[in-house]
Amino acid sequence: MPSQPAPVPPDDLSRQLTVARPDRDQGLPHIGLAGDTYTILVTGEDTAGKYTLIDMHVPPGGGPPPHRHDFEEMFTVLDGEVRVTFRGETLVARAGQTINVPANAPHAFTNAADRPSRLLCMCAPSGQEEFFTLVGQPVATRTQAPPPLGADAQAAFIATAKALAPQYKTELLPPPGAG
């Protein structure tokens, strides 16, 4: 005899509706990271750890270096385009397209266009927003670029990112051809 599905749990009244207005909400954190600006729209605290949602402003030439992590990551390109490298294969994701990067798969993306791109990034479960907050620099708005880092500050950023990455189930990978 098949088992009965569990009933839907009762509403958790301790959790509130989350509304994020990235261009108007002064309370949202805007994090400058490696030339990009990431606005944390919905945190793990907002979702009981289920996911986080990040608004990404990626200028021409921007995007993270090769990496992989033990959580799902989904991107929806809202404006512009990005060149995505996934397990060594490259594709271009354009406005209106969504891609999902499976947990643990090596990947990177770059804005190879001549104008900024805007992406929504969902990470499930949450935690990536904490990593970004610890390694990035606060900036004032969703589109403000972080200040350029000098050689010493860049070396310190890389050392901090490498040291914290394992705590956030992330591995930074060498660029293709390095080694």
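The values are calculated or read from the model by the stated rules, or taken from the named source; none is laboratory data. Here the structure is a predicted model, which is why all the values come from computation and not from measurement. Note: ideal-geometry Cβ built from the backbone for every residue, glycine included; neighbour counts use all protein chains shown.
Okay, here's what the table says:
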quantity: Options G63, G96; residue that is part of a loop (DSSP other than H, G, I, E, B), on the phi > 0 side of the Ramachandran plot and over 12 Å from the mean Cα position of the chain (by Cα); calculated: G96
quantity: One residue from D46, D55 being part of a loop (DSSP other than H, G, I, E, B), charged (D, E, K, R) and either at pLDDT below 95 or within 22 Å of P125 (Cβ to Cβ) (or both); calculated: D46
quantity: Subset tally (residues that are among the aromatic types (F, W, Y), in contact (Cβ under 8 Å) with a residue 60 or more places away in the chain and farther than 23 Å from V42 by Cβ) for the stretch 82-134; calculated: 0
quantity: Number of the exception - P146 against (1) buried (at least 16 other Cβ atoms within 10 Å of the Cβ); (2) in a helix (DSSP H, G or I); (3) at pLDDT below 95; (4) not polar (S, T, N, Q); calculated: (2)
quantity: Filtered residues of the stretch 151-176 (kept if more than 21 Å from Q128 (Cα to Cα), at pLDDT 90 or above and not aliphatic (A, V, I, L, M)); calculated: D152
quantity: Meets criteria (touching a residue at least 60 places away in the same chain (Cβ under 8 Å), touching a helix residue (DSSP H, G or I) at 6+ places or on another chain (Cβ under 7 Å) and closer than 23 Å to Q167 by Cα) for T39; calculated: no
quantity: Residue match in the stretch 76-87 (condition: part of a loop (DSSP other than H, G, I, E, B) and either surrounded by fewer than 16 Cβ atoms within 10 Å (Cβ to Cβ) or not small (G, A, S) (or both)); calculated: yes
